[in-house]
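Visitor: One structure, as structure tokens, below. Some questions next.
The values are calculated or read from the model by the stated rules, or taken from the named source; none is laboratory data. Note that the coordinates shown come from a computational prediction; the quantities given were computed from them, not determined experimentally. Every residue, glycine as well, gets a Cβ built from its backbone with ideal geometry; the counts of neighbours run over all protein chains shown. These accessible areas exclude ligands, DNA and RNA; they are computed on the full protein's heavy atoms, side chains included. Shrake-Rupley method; radii C 1.70, N 1.55, O 1.52, S 1.80 Å.
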Amino acid sequence: MNPIALRPPARELPGEQRRALRRAEHLCWWTLLVMGLVATMMYFVMGGSQAMKTALVEDILSLVPPAAFLVASRFRRKGVDEEYTTGRERAFDINFLISSVALTGVGLALVYDGLHTLLTATRPVVGTMVFGGHVVWQGWIMMGAMVVSVVPPVILGRKKMRLAEQLSLKPLHTDADVGKADWMTGLAGIAGVAGIGMGWWWADAAAALFIAGSVLHDGASNLRAAVRDLHDARPQKLDRSDPDPLPGQLARAVADLPWVHGCAVRLHEEGFHLSGIVLLDNASLSAAQAQEIRQLARDLHWRLDQVDVSPEPGSESNGPGSNGVRVTFPQRGRAVRRESREK
């Protein structure tokens, strides 16, 4: 007998979510193509503007999340094997961490470069270009390019947001949220170039510093979220504003079973799914009862997967005559009462 126990394959996504995942992959390919063209355009028109150079780096960085998403999606499909005995459901979380580290590191470098430019009073040089026999200030071309550059991320971000909500996938949601807010970067770049035209040399460096700060903020926020997810912290809603309601819903559904004396639920996120354990305040547990709870979890929501069940007599300390429902979270190491009701 093989002493290495392989975890059962992850639960298949429902049809709607499978279609949403395919659309998300196609959207990521389109993001790589469109943002690659935008970055190429920015490279040829950026001139001597520090703000344009920083915006170019940000556009290049925007290629990292969709590329990481495609790699993670392909890796996840390989499933469980003797090397990855618990599966590859965390592939999206790991790639999210890698993208966040890259974003944070480059953000720090851009902030340093912007501060250096501002403190050393480096004057940007923006020349002229000849179009059809007419001399045109290059700044107008640069501002036009900035306007064009912010349109694709906003459109793609809104499309990704809808798919992220269908898939309940936080890395995709974060990428979409950053893309939707990209108009602020474009506005800052336009202000910096316009400042050069008005003789305010410092406006360009200040705009570059604002863009760099935005990159660093996004990277640091994403890095914190990625580390939190990999530590099996308390599940959160898609926008990370509140706790995920699914653990509480599962606890109440289990507590409603007539043979359950009390229960506590401890879940964590694994990519699309929530997995964990249900602890029962029962002295014993049959295989049929454990299977009943597992099936209850699977019927409750498609995201609930790999739910183990274990009796833990004495875990419910509500006293006689009551049936408590508790939800516990690993990072707090304590039980949080959600609801209690009289038998």
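Visitor: Check whether at least one residue in region 74-93 is assigned to a helix (DSSP H, G or I), under 28 Å from SER214 (Cβ atoms) and open to solvent by 20 Å² or more (accessible area, probe 1.4 Å), and report yes or no. Give the steps one after another, and end with the answer.
Guide: Keep residues of region 74-93 that are assigned to a helix (DSSP H, G or I), which gives 74-76, 91-93.
Next cut, under 28 Å from SER214 (Cβ atoms) only: 91-93.
Subsequent filtering for residues that are open to solvent by 20 Å² or more (accessible area, probe 1.4 Å) retains none.
Checking region 74-93: not a single residue is assigned to a helix (DSSP H, G or I), under 28 Å from SER214 (Cβ atoms) and open to solvent by 20 Å² or more (accessible area, probe 1.4 Å).
Visitor: Answer yes if at least one residue in region 292-305 is within 20 Å of LEU172 (Cβ to Cβ), basic (Lys, Arg) and surrounded by 16 or more Cβ atoms within 10 Å (Cβ to Cβ), and no otherwise.
Guide: Yes, region 292-305 contains a residue that is within 20 Å of LEU172 (Cβ to Cβ), basic (Lys, Arg) and surrounded by 16 or more Cβ atoms within 10 Å (Cβ to Cβ).
Visitor: Would you confirm whether or not region 248-261 contains a residue that is small (Gly, Ala, Ser), part of a helix (DSSP H, G or I) and without any contact (Cβ under 8 Å) to a residue 24 or more places away in the chain?
Guide: Taking region 248-261 as the starting set, the residues that turn out to be small (Gly, Ala, Ser) are 248, 251, 253, 255.
Going one step further and asking which of them are part of a helix (DSSP H, G or I), we end up with 248, 251, 253, 255.
Retained after the next criterion (residues that are without any contact (Cβ under 8 Å) to a residue 24 or more places away in the chain): none.
For region 248-261, residues small (Gly, Ala, Ser), part of a helix (DSSP H, G or I) and without any contact (Cβ under 8 Å) to a residue 24 or more places away in the chain: absent.
Visitor: Kindly indicate whether any position in region 290-306 is in contact with a helix residue (DSSP H, G or I) (Cβ under 8 Å, 6 or more places away or on another chain), over 19 Å from ASP244 (Cα atoms), modelled with pLDDT of 50 or more and not small (Gly, Ala, Ser). Lay out the reasoning, then the answer.
Guide: Restricting attention to region 290-306, the residues satisfying the condition of being in contact with a helix residue (DSSP H, G or I) (Cβ under 8 Å, 6 or more places away or on another chain) are 293, 296-297, 300-305.
Subset that is over 19 Å from ASP244 (Cα atoms): 293.
Checking which are modelled with pLDDT of 50 or more leaves us with 293.
Now restrict to residues that are not small (Gly, Ala, Ser): 293.
Yes - at least one qualifying residue is present in region 290-306.
Visitor: Assuming ARG234 fulfils every condition listed in (1) open to solvent by 50 Å² or more (accessible area, probe 1.4 Å); (2) in contact with a Phe, Trp or Tyr (Cβ under 9 Å, 6 or more places away or on another chain) apart from one, which condition is it?
Guide: Just one mismatch for ARG234, condition (1).
Visitor: Would you pick out the residues in region 102-142 that are among the aliphatic types (A, V, I, L, M), open to solvent by 30 Å² or more (accessible area, probe 1.4 Å) and in contact with a Gly (Cβ under 9 Å, 6 or more places away or on another chain)?
Guide: Pass one, region 102-142, residues among the aliphatic types (A, V, I, L, M): 102-103, 106, 108-111, 115, 118-119, 121, 125-126, 129-130, 135-136, 141-142.
If we keep only those that are open to solvent by 30 Å² or more (accessible area, probe 1.4 Å) too, we end up with 102-103, 106, 108-109, 111, 115, 118-119, 121, 125, 129-130, 135-136, 141.
Listed by number, the residues that qualify are ALA102, LEU103, VAL106, LEU108, VAL111, VAL125, ILE141.
Visitor: List pairs: first residue in region 228-244 and within 16 Å of PHE92 (Cβ to Cβ), second residue open to solvent by 70 Å² or more (accessible area, probe 1.4 Å) and not in a loop (DSSP other than H, G, I, E, B) anywhere in the structure, Cβ distance under 7 angstrom, at least six positions apart or on different chains.
Guide: Hits for this filter: LEU238/GLU165.
Visitor: Sticking with this one: Count, please, the residues in region 5-24 that happen to be open to solvent by 30 Å² or more (accessible area, probe 1.4 Å), at pLDDT 90 or above and either touching a Phe, Trp or Tyr at 6+ places or on another chain (Cβ under 8 Å) or not in a helix (DSSP H, G or I) (or both).
Guide: Residues that pass the stated criteria total 0.
Visitor: For region 43-52, what are the residues that are polar (S, T, N, Q) and either open to solvent by less than 20 Å² (accessible area, probe 1.4 Å) or without any contact (Cβ under 8 Å) to a residue 60 or more places away in the chain (or both)? Break it down stepwise before answering.
Guide: So the first thing to find is which residues in region 43-52 are polar (S, T, N, Q), and the list is 49-50.
The one that is polar (S, T, N, Q) and either open to solvent by less than 20 Å² (accessible area, probe 1.4 Å) or without any contact (Cβ under 8 Å) to a residue 60 or more places away in the chain (or both): SER49.
Visitor: Let me confirm something: among ALA67, ALA55, which residue is open to solvent by less than 20 Å² (accessible area, probe 1.4 Å), out of contact with any His (no Cβ under 8 Å at 6 or more places or on another chain), touching a residue at least 24 places away in the same chain (Cβ under 8 Å) and outside any loop (DSSP other than H, G, I, E, B)?
Guide: Among ALA67, ALA55, only ALA55 is open to solvent by less than 20 Å² (accessible area, probe 1.4 Å), out of contact with any His (no Cβ under 8 Å at 6 or more places or on another chain), touching a residue at least 24 places away in the same chain (Cβ under 8 Å) and outside any loop (DSSP other than H, G, I, E, B).
Visitor: Can you go through ARG90, ARG76 and tell me which one is under 23 Å from ASP232 (Cβ atoms), touching a residue at least 40 places away in the same chain (Cβ under 8 Å) and over 15 Å from the mean Cα position of the chain (by Cα)? Before the answer, list the steps.
Guide: Details: ARG90 fails: over 15 Å from the mean Cα position of the chain (by Cα).
Within the list ARG90, ARG76, the selection yields ARG76.
Visitor: Also, I was wondering about something else. Looking at this structure, is VAL254 farther than 24 Å from MET184 by Cβ, in contact with a Cys (Cβ under 6 Å, 6 or more places away or on another chain) and crowded, with 23+ Cβ neighbours inside 10 Å?
Guide: Details: farther than 24 Å from MET184 by Cβ: yes; in contact with a Cys (Cβ under 6 Å, 6 or more places away or on another chain): yes; crowded, with 23+ Cβ neighbours inside 10 Å: yes.
Spelling it out, VAL254 is indeed farther than 24 Å from MET184 by Cβ, in contact with a Cys (Cβ under 6 Å, 6 or more places away or on another chain) and crowded, with 23+ Cβ neighbours inside 10 Å.
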